[in-house]
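Here's the structure we're looking at; comments come further down.
The values are calculated or read from the model by the stated rules, or taken from the named source; none is laboratory data. Computed from a prediction, not measured in an experiment: that's the story for all the values here. FYI the Cβ positions are ideal-geometry reconstructions off the backbone, even for glycines, and counts take in every protein chain you see.
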Amino acid sequence: MAETAFRTKALTKTYGEGAATVHALRGVDLEVPAGEIVVLLGPSGSGKSTLLNILGGLDRPTDGQAFYRDQELTAMTDRQLTRYRRDHVGFVFQFYNLMPSLTAHENVELVTEIARDPMAPEEALRLVGLSERVDHFPAQMSGGEQQRVAIARAVAKQPAVLFCDEPTGALDSTTGRAVLKVLTDVNETLGTTLMIVTHAAATAELAHRVIHFADGRIRDVVTNTTRKTAEEIHW
Ligand SMILES: Nc1ncnc2c1ncn2[C@@H]1O[C@H](COP(=O)(O)OP(=O)(O)OP(=O)(O)O)[C@@H](O)[C@H]1O
Ligand SMILES: [Mg+2]
């Protein structure tokens, strides 16, 4: 039996009050086995980012519980959540959030300097195929290259969990495929649990498990028996 990375119980998130109330999450019960690639699919506004942000310790629910292994995230103080993020979690967002005044190497170093057991920045950049670009600034790189720097930065701290919100959203199919290849490599070589939110249904083909989300609820969880590689998926 695989260990469980995440578990949620009746997770609820509500914004606003009265007539303006938005139900972002309406009671989510979820279990994510450690070491899996989990893809979250669902319409815009269905609560995918909200769920990811709560599991990543960036946001808190209105009600319900969330656990990372045996630690209850929903019972943590802000300081404990910060520590949880620093020690266990990496994030990759659609827009890369790189520091424009720093090189690729320096952008990665920003994270490895404060991580507990980091890789060398050169090693992380090599993993994403950017050994030739370590001294380039973001403005000197393509969108896909910048996204790969963002992945190198997230991976360099060797997090147990990597959250990706639309990691290929701004990329063409070839570059998107290269980025997905890096992510699946990280899952295989480091055993990192990956939670990927995407609108690109093709990404689901390389997941171990696909969660279909709609209107703040899980509609369906599908275990993928015929996983494809990044090279094989239909974009
Ligand atoms: N800070 C906020 N204040 C009020 N409502 C919010 C806030 N953040 C999110 N929402 C609402 O919560 C719902 C879920 O938002 P969420 O960002 O989780 O959706 P999503 O599935 O990630 O959508 P997308 O695919 O467009 O990124 C939406 O209806 C959104 O408008
Ligand atoms: Mg979103």
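A quick yes/no check of all residues on (1) more than 29 Å from Leu25 (Cα to Cα); (2) modelled with pLDDT of 95 or more:
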| site | (1), (2) |
| --- | --- |
| Glu113 | yes, no |
| Met119 | yes, no |
| Pro159 | no, no |
| His212 | no, yes |
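Could you please find all residues in region 1-31 being more than 15 Å from ligand 1 (Cβ to nearest atom), over 13 Å from Ile218 (Cα atoms) and at pLDDT 95 or above? Answer for region 1-31, where residues must be more than 15 Å from ligand 1 (Cβ to nearest atom), over 13 Å from Ile218 (Cα atoms) and at pLDDT 95 or above: Thr4, Ala5, Phe6, Arg7.
Does region 57-67 include one or more residues that are of a type in the set (Val, Ile, Thr) and surrounded by 15 or more Cβ atoms within 10 Å (Cβ to Cβ)? Before you say what the answer is, go through the steps one by one.
Within region 57-67, the subset of a type in the set (Val, Ile, Thr) is 62.
Retained after the next criterion (residues that are surrounded by 15 or more Cβ atoms within 10 Å (Cβ to Cβ)): none.
There is no residue in region 57-67 that is of a type in the set (Val, Ile, Thr) and surrounded by 15 or more Cβ atoms within 10 Å (Cβ to Cβ).
Among all positions in region 60-67, there is no residue which is among the basic types (Lys, Arg), more than 15 Å from Leu194 (Cβ to Cβ), part of a strand (DSSP E or B) and more than 15 Å from ligand 2 (Cβ to nearest atom). Scanning region 27-45 for residues that are assigned to a strand (DSSP E or B) and within 12 Å of ligand 2 (Cβ to nearest atom), we see that the one that is surrounded by the most Cβ atoms within 10 Å (Cβ to Cβ) is Leu40.
Scanning region 10-26 for residues that are at positive phi and either touching a helix residue (DSSP H, G or I) at 6+ places or on another chain (Cβ under 7 Å) or not in a strand (DSSP E or B) (or both), we see that the one that is nearest to ligand 2 (Cβ to nearest atom) is Gly16.
Listed conditions (1) over 23 Å from Val221 (Cα atoms); (2) exposed (fewer than 15 other Cβ atoms within 10 Å of the Cβ); (3) of a type outside the set (Gly, Ala, Ser); (4) modelled with pLDDT under 95 are all met by His88, apart from (2). When Thr50, Thr62 are checked against the criterion of being over 19 Å from the mean Cα position of the chain (by Cα) and among the hydroxyl-bearing types (Ser, Thr, Tyr), Thr62 stands alone in meeting it. Applying the set (1) under 17 Å from the mean Cα position of the chain (by Cα); (2) within 18 Å of Thr50 (Cβ to Cβ) to Ala200 leaves exactly one unmet item: (2). Of the strands (runs of 3 or more DSSP E) lying entirely inside region 127-235, those containing at least 1 residues that are crowded, with 21+ Cβ neighbours inside 10 Å and away from ligand 1 (no atom under 16 Å from the Cβ) span 161-165, 193-197. Evaluation of Thr225 against the conditions (1) more than 16 Å from ligand 2 (Cβ to nearest atom); (2) under 15 Å from Leu52 (Cα atoms); (3) β-branched (Val, Ile, Thr) shows that the sole unmet condition is (2).
Would you be able to tell me the number of residues in region 69-116 that are under 15 Å from Phe163 (Cβ atoms) and among the charged types (D, E, K, R)?
To start, the set of residues in region 69-116 that are under 15 Å from Phe163 (Cβ atoms) comprises 73, 81, 84-97, 111.
So of that shortlist, the ones also among the charged types (D, E, K, R) come out as 85-87.
Adding up the residues that qualify gives 3.
With respect to the conditions (1) over 21 Å from Leu51 (Cβ atoms); (2) touching a strand residue (DSSP E or B) at 6+ places or on another chain (Cβ under 7 Å), Thr193 falls short on a single one, namely (1).
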